[in-house]
Amino acid sequence: MSDVRASLTGRLRRHGPLALLVLGGGLVAALLAPAIPEDQTVIFRLREDDVRSLSATFTRRGDDEPLGGVTLAFDGHAPRDVTHRVALPNGEYVLTIDVGRDEGTSAAQTSMMRQVILQGGVTTVFVESRQP
């Protein structure tokens, strides 16, 4: 019986630190995984054809500072679907969107907020250049 106990104690001494290291590494990876940026594709679907510029910031829900943003200017008019790729962690975001229109219109700038969930795929955001 003492030989079995000695053999078990010897194995634990040899393999115990390695097992703890692997377990600790797995725990750290699980904690950091939500913060790892992933490729996200956001399609801004424009409802009007008079858009000249589009700016958007991506702020994680609950945060004060944006994690990313984009400003686009268009020669002539913007296409109906404006595709933008950004590297952000998956999660819930508040998009603050500013749309610039032709100068001759009554309200040349419109701002709006949209809530989206980014999950590493394609997300479509509907954008009106005029407030209802």
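The values are calculated or read from the model by the stated rules, or taken from the named source; none is laboratory data. Please read all numbers here as calculations on a predicted model, not as lab measurements. For neighbour counting, all protein chains shown are included, and Cβ atoms are generated from backbone atoms with ideal geometry for every residue, glycine included.
How many of the residues making up region 77-104 are exposed (fewer than 14 other Cβ atoms within 10 Å of the Cβ) and either part of a loop (DSSP other than H, G, I, E, B) or of a type in the set (Asp, Glu) (or both)?
Qualifying residue count, region 77-104: 7.
Would you tally the residues in region 77-114 being touching a residue at least 24 places away in the same chain (Cβ under 8 Å) and among the small types (Gly, Ala, Ser)?
The total comes to 5.
When region 58-76 is examined, which residues are found to be assigned to a strand (DSSP E or B) and more than 30 Å from Ile36 (Cβ to Cβ)?
If the condition is that a residue be assigned to a strand (DSSP E or B) and more than 30 Å from Ile36 (Cβ to Cβ), then Ala73 is the only one that fits.
What pairs come out if I take residues in region 45-64 that are farther than 16 Å from Thr83 by Cα and in contact (Cβ under 8 Å) with a residue 40 or more places away in the chain and pair them with residues that are assigned to a strand (DSSP E or B) and of a type in the set (Gly, Ala, Ser) whose C-beta lies under 8 Å away, six or more apart or interchain?
These pairs meet every condition: Arg61/Gly91.
Starting from residues that are small (Gly, Ala, Ser) and touching a strand residue (DSSP E or B) at 6+ places or on another chain (Cβ under 6 Å), keep the ones in region 59-86 and report whichever is farthest from Glu128 (Cα to Cα).
Result: Gly68.
Quick one: Phe74 ticks every box in (1) aromatic (Phe, Trp, Tyr); (2) in contact (Cβ under 8 Å) with a residue 60 or more places away in the chain; (3) surrounded by fewer than 16 Cβ atoms within 10 Å (Cβ to Cβ) bar one, so which box is it?
Condition (2) is where Phe74 drops out.
Please enumerate the residues belonging to region 49-59 that are modelled with pLDDT of 95 or more and either crowded, with 17+ Cβ neighbours inside 10 Å or in contact with a Lys or Arg (Cβ under 9 Å, 6 or more places away or on another chain) (or both). Working first, answer last.
Residues of region 49-59 that are modelled with pLDDT of 95 or more, as a first pass: 55-59.
Within region 49-59, Ala56, Thr57, Phe58, Thr59 qualify.
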